[in-house]
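I have placed the structure first, in the form of structure tokens, so that the comments after it can refer back to it.
The values are calculated or read from the model by the stated rules, or taken from the named source; none is laboratory data. On a predicted model such as this, the values are computed, not experimentally measured, just so you know. Glycine gets a Cβ as well: all are built from the backbone with ideal geometry, and neighbour counts include every protein chain shown. These area figures cover heavy atoms from the full protein model, side chains too; ligands, DNA and RNA do not enter into them. Shrake-Rupley method; radii C 1.70, N 1.55, O 1.52, S 1.80 Å.
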Amino acid sequence: MARIIVVTSGKGGVGKTTTSAAVSMGLAKKGHKTAVIDFDVGLRNLDLIMGCERRVVYDFVNVINGEATLNQALIRDKHCDNLYILPASQTRDKDSLSLEGVGKILDELSKTFDYIVCDSPAGIEKGAHLAMYFADDAFVVTNPEVSSVRDSDRMLGLLASKSRRAELNEEPIKEYLILSRYSPDRVKLGEMLSVNDVQEILSLHLLGVTPESKSVLNASNSGTPVILDEKSDAGQAYADIVARYLGEEKPHRFIDEKKGLFGKLFGGK
Amino acid sequence: MNLLDYFRSSKISTAAVAKERLQILVAHERSSRNQPSYLPQLQKELLEVIKKYIHVDQEAISFNFEQDDHQETLELNIVLPDLSHKKN
Ligand SMILES: Nc1ncnc2c1ncn2[C@@H]1O[C@H](COP(=O)(O)OP(=O)(O)OP(=O)(O)O)[C@@H](O)[C@H]1O
Ligand SMILES: [Mg+2]
């Protein structure tokens, strides 16, 4: 039985796809057979971030409609044999997905995979609902910024009321916070909400903080999930996130500012 | 307090403002999320009844639904018109 993870946020552009790509790669590299599914029908992007855009033949909607088998549509990652990508359709609209169709695909994947990572589209409409409906765990990606925090809280409300687990009165979805695009320097200056602020407001278990980092753009430029850039801060942050999710103890990093000369002279400690 | 902190504290932190606004907003949105589905209709009908007897503005009436582990409270607050200012 696979564990189904939804990467969700409500607000757009906060780092869901970046996170889905990194986390699925991280899980696969740790030896777990992992599938990552792009639920952003009409706007597929995961294939680009994973660097497999030229190998897409069939997509999620083709499988739901019976036009291709799951095995035909799944793309094996070129860096890691344990990782498979199920791309979204670019031509259809979001109504091409149905709860029943998605459920059937997840059931089939569950038989052979350890983890299924669902990259949710932005918003709280149908696509986002389908991405989270069957989830066991939710990674709520949040930027330290008012509208993102508010939307994350709305998403928490939906996870607790509109998911399969909620409807069947099962144990609720486990919710984790990923605070993304964090700038310790700006937090120190009082310009940005701190980790503690966001945690206090959302009261979520913090899986990790990813720093605002140039390496993320570099990674997407070349189509390699940032976690493979092991020297980069963001890559290390995602590696920590995967390790913590799998139960390893890792102290949080990237939440204190790098001290420049001025800070060293005057900042104390 | 060191020199840098001194310069910092002379500015109002926008993050602190953001936090306070979010705390209020999120608390409010959470409580309205948990409220029973009949509440908006109940609210509307109660307003109509009240207006039959008392001349008050919409804003003079506030509803508050609260829920904790032990009980649910529906609080209805009506600010009555100030009689001393009445002209007739
Ligand atoms: N830690 C980071 N540092 C710098 N840039 C980042 C970071 N994380 C994400 N980004 C950038 O933010 C943008 C949005 O990221 P991404 O596509 O992952 O967000 P998303 O939540 O999937 O967006 P959408 O809601 O449109 O699906 C991208 O340009 C990405 O490179
Ligand atoms: Mg995305």
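Amide H contacts under 5 Å for residue A:182: A:210, A:212, restricted to partners 5 or more places along the chain or on a different chain, H placed in the peptide plane at 1.01 Å from N. When the Cα gyration tensor is reduced to axis lengths a ≥ b ≥ c, the ratio a/c is 1.5 or higher for region A:96-200, and with a/b above b/c it is classed as prolate. On a per residue basis, the protein assembly as shown carries 55 Å² of accessible surface, using protein heavy atoms and a 1.4 Å probe. For the segment A:200-207, counting C-beta atoms of other chains within 10 Å of every residue's C-beta and taking the mean gives 2.
Along each principal axis, taking the top coordinate minus the bottom one, the Cα set of chain A gives 66, 39, 33 Å in descending order.
The overall shape of region A:28-73, judged from the alpha-carbon gyration tensor, is oblate: a/c is not under 1.5, and a/b is no greater than b/c.
Averaged over the residues of B:12-25, the number of partner chain Cβ atoms lying within 10 Å of the residue Cβ comes to 5. The magnitude of the dipole of region A:163-237, with charges of +1 and -1 set on the Cβ of Lys/Arg and Asp/Glu and taken from the Cα centre, is near 180 debye. The peptide list B:71-78, A:104-111, A:46-53, put in order of mean Cβ contacts within 10 Å with the highest first, becomes A:46-53, A:104-111, B:71-78. Exceedance of the 27 Å cut-off in Cα-Cα distance is limited, within the set A:33/A:250; A:11/A:78; A:33/A:231; A:11/A:258; A:11/A:111; A:126/A:188, to A:11/A:78; A:11/A:258; A:11/A:111; A:126/A:188.
Protection proxy ranking for A:60-73, A:3-16, using the average of other Cβ atoms within 10 Å per residue and placing the highest first: A:3-16, A:60-73. Using a 1.4 angstrom probe on protein heavy atoms only, the contact between A and B buries about 1800 square angstrom of accessible area, both sides summed.
Taking only protein heavy atoms and a 1.4 Å probe, the accessible area of chain A is 48% carbon and sulfur. Once you have a ≥ b ≥ c as the square roots of the Cα gyration tensor eigenvalues for region A:69-108, tell me rounded if a/c is under 1.5, and otherwise prolate or oblate according to whether a/b is larger than b/c. Judged from the Cα gyration tensor, region A:69-108 comes out oblate (a/c at least 1.5, b/c at or above a/b). Along its principal axes, region A:129-169 has C-alpha extents of 34, 14, 14 angstrom, given from the largest down. Sorting A:17-23, B:39-45, B:52-58, A:31-37 by their mean Cβ neighbour count within 10 Å, with the most densely packed peptide first, gives A:17-23, A:31-37, B:39-45, B:52-58.
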